[in-house]
């Protein structure tokens, strides 16, 4: 009886160790990504995606600012927001490949986030001419929105992290003028009027610099 009790106690101990290990892995998978991790994940994405032609994606949000060196090297993000897929039909293939990358690199399942496409109204007109190429990974070309487009979208979003990023990018007079024109065009795109009003208020509260 004592022998069985001893082994039962040992099994319970091993089970607890396994649970702790599993919890630590789960926590690690949700850790924010730094610039190096983002670059590694996108490179691997280009290696594993299967599609019959080349693919281009457009990043917005924190990952775009990180990869274009607009935000500090200590900036991290929980995901890479993809606003545009070209061709559009390639989205399913990229998302499937992203699942493989998440498993391999122990990233959060949503590390490549396409839900942001629901806010395509927030993408400034003319972004195509201003986008920046940040990586070519086999058949995958990764672009990021430009500095002024990122500033405009972050003024519209207006969350605490967006405000921190805006302060880091040192919004200039010409940036503020661009954002005012951008906000004036959003009503015709169906953007919520309350959000536009809040964005105007945020822009008015920001410190505007003569130079970067």
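The values are calculated or read from the model by the stated rules, or taken from the named source; none is laboratory data. As the structure is a computational prediction, the values presented were derived from the model and not from experiment. Don't worry about glycine lacking a Cβ; one is built from the backbone with ideal geometry, like all the others, and counts go over all protein chains shown.
What's the number of the condition residue 104 fails, among (1) part of a helix (DSSP H, G or I); (2) under 14 Å from residue 134 (Cβ atoms)?
(2)
Rundown of residues vs (1) at pLDDT 95 or above; (2) part of a helix (DSSP H, G or I); (3) surrounded by 10 or more Cβ atoms within 10 Å (Cβ to Cβ), yes/no style:
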{"site": "3", "(1), (2), (3)": "no, yes, no"}
{"site": "15", "(1), (2), (3)": "no, yes, yes"}
{"site": "18", "(1), (2), (3)": "no, yes, yes"}
{"site": "27", "(1), (2), (3)": "no, yes, no"}
{"site": "40", "(1), (2), (3)": "yes, yes, yes"}
{"site": "45", "(1), (2), (3)": "yes, yes, yes"}
{"site": "62", "(1), (2), (3)": "yes, yes, yes"}
{"site": "72", "(1), (2), (3)": "no, no, yes"}
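Condition test on residue 119, is it surrounded by 14 or more Cβ atoms within 10 Å (Cβ to Cβ), touching a residue at least 60 places away in the same chain (Cβ under 8 Å) and outside the structural domain of residue 168 (by TED's automatic domain parsing)?
The answer is no for residue 119.
Take the range 129-146 and flag every residue that is under 25 Å from residue 41 (Cβ atoms) and out of contact with any helix residue (DSSP H, G or I) (no Cβ under 7 Å at 6 or more places or on another chain). Write out each step before concluding.
Of the residues in the range 129-146, the ones under 25 Å from residue 41 (Cβ atoms) are 130-146.
Selection gives 131, 132, 133, 136, 141, 143.
Please verify whether the range 94-103 includes one or more residues that are surrounded by fewer than 15 Cβ atoms within 10 Å (Cβ to Cβ), over 29 Å from residue 211 (Cβ atoms) and outside the structural domain of residue 44 (by TED's automatic domain parsing).
Checking the range 94-103: not a single residue is surrounded by fewer than 15 Cβ atoms within 10 Å (Cβ to Cβ), over 29 Å from residue 211 (Cβ atoms) and outside the structural domain of residue 44 (by TED's automatic domain parsing).
In a strand (DSSP E or B), closer than 17 Å to residue 165 by Cβ and in contact with a strand residue (DSSP E or B) (Cβ under 9 Å, 6 or more places away or on another chain): is that true of residue 66 in this structure?
Working: in a strand (DSSP E or B): no; closer than 17 Å to residue 165 by Cβ: yes; in contact with a strand residue (DSSP E or B) (Cβ under 9 Å, 6 or more places away or on another chain): yes.
Considered against the rule, which asks whether it is in a strand (DSSP E or B), closer than 17 Å to residue 165 by Cβ and in contact with a strand residue (DSSP E or B) (Cβ under 9 Å, 6 or more places away or on another chain), residue 66 comes out as no.
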